[in-house]
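**Student:** Following this message is one structure expressed as structure tokens.
Throughout, read-outs are computed from the coordinates displayed, never taken from laboratory work. Since this is a predicted model, take the numbers as computed values, not measurements. Glycine gets a Cβ as well: all are built from the backbone with ideal geometry, and neighbour counts include every protein chain shown.
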Amino acid sequence: MQSAARSIQVPVHLRYYADKQQRKEFGGFLEQVEKSLALGRKVFLNFCDTKRLFPCGVLIFMGIVDDWIQRFPNRLSANYPSDDLVEQMLQHVGVLQKLGLSPRKKISHDDVTRWHYFTGMNVDATPIEPFMEQVRMIVGEAAQMGLADCVNEAMTNVRHHAYDSSGGGRWWIFATISDRRVFVAMHDRGSSIPATLLAKPDIWDYLTGRVWRQGRADGKLISAAAEGRTSTRLPYRGKGLPEMLQFTKLSENGELAIYSRRGFFRFSGREKIESVGRLTKPITGTLIVWMLNLSGTTP
């Protein structure tokens with residue numbers, strides 16, 4: 001007789017960026033599911049208490065659900081969320097369908113329809129054109145072109161650096177613009193930034209023993225990639241990250257955060273501070289969260 005599926009409660013908030021406690025709860029949930037599936041159990045994802053979704057959390061959740069389904073076929077199931085907005089969003093991005101639930105909602109909530117959602121296996125920028133056209137209409141062609149260049153370069157990074165050349169790797173993007181404020185979140189599950197850079201022999205001279213002992217090596221590597229430091233003689237995962245950071249610094253109260261493996265890099269335009277740190281639990285691939293105020297962007 002097969003054992004019943006283990007019911008695991010999905011967190012109230014699906015959030016990774018900014019709130020450490022919610023990130024810890026989210027990571028603990030993912031770890032529970034992973035361990036149960038690895039032990040051969042079936043898992044039932046209970047969305048009854050899930051009330052708020054954040055782009056960063058949804059992107060990571062989408063990526064890992066794809067991974068679980070591929071590695072553990074026919075072992076995941078779920079119920080419909082009790083919250084209407086949560087159900088609309090998870091239906092809109094296809095998560096519920098992948099978990100075996102038929103779509104039953106009309107996607108009408110503004111907090112769902114205002115978000116542009118893209119996913120792909122290559123660097124074809126065609127899917128993001130509707131979003132870029134909306135940006136152009138609101139902020140003008142010059143700002144739109146700068147933003148588009150950064151996003152396109154970041155997508156190129158995913159294809160050519162996060163994944164090996166033998167085949168494409170999937171990426172996911174959420175983007176929205178409102179009152180000249182732009183939010184873009186990007187995620188891939190390929191090689192992390194630190195792993196990519198550590199494959200280069202010159203990097204070992206850049207990292208000191210103190211950095212290793214304090215567990216800050218991954219954060220320092222992400223910082224080097226974002227700032228494009230020539231002293232490290234590294235490929236910087238393409239031009240995208242330095243361009244994104246420069247664009248952020250020109251934007252009033254802009255913000256850029258990059259999470260990869262066990263480290264993170266963050267620039268706060270409000271505080272004019274760059275910081276690096278260590279994650280308690282590693283993240284697969286890379287998550288980029290980018291916020292801009294184009295009304296305050298310096299030409």
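**Student:** Taking neighbour counts of Cβ atoms within 10 Å as a proxy for exposure, in what order, fewest first, do Tyr16, Tyr259, Tyr80, Tyr117 appear?
**Tutor:** So the ranking, lowest neighbour count to highest, is Tyr80, Tyr117, Tyr16, Tyr259.
**Student:** Order these by the 10 Å Cβ neighbour count, fewest first: Thr196, Thr176.
**Tutor:** With the fewest neighbours first, Thr196, Thr176 line up as Thr176, Thr196.
**Student:** Enumerate by residue number the trypsin sites (Lys or Arg not before Pro) in segment 1-110 meeting two conditions: DSSP loop (anything except H, G, I, E, B), and at most 13 other Cβ atoms within 10 Å of the site's Cβ.
**Tutor:** Loop-located and lightly packed - Arg104, Lys106.
**Student:** Just to be sure I understand the model, the point goes 7 Å from the Cα along the line to the Cβ. What's the resulting Asp149 to Ile8 distance in nm?
**Tutor:** 4.3
**Student:** So, one more: Can you tell me the FRET efficiency between Asn79 and Arg114 if r is taken as the Cβ-Cβ distance and R0 is 22 Å, rounded to the nearest 0.05?
**Tutor:** After rounding to 0.05, the efficiency reads 0.25.
**Student:** Then there is this: Compute the Rg to Rh ratio over segment 1-118 from the alpha carbon atoms, using the Kirkwood formula for Rh, and round to two decimal places.
**Tutor:** 0.95
**Student:** With all pairs of different alpha carbon atoms counted, what Kirkwood hydrodynamic radius in Å does segment 31-70 show?
**Tutor:** That comes to 11.4 Å for segment 31-70.
**Student:** Rank these for me by crowding, Met121, Met89, going from fewest to most other beta carbons within 10 Å.
**Tutor:** Met121, Met89
**Student:** About its Cα centre, how strong a charge dipole does segment 6-100 have in debye, to the nearest 20, once Lys and Arg get +1 and Asp and Glu get -1 at the Cβ?
**Tutor:** 320
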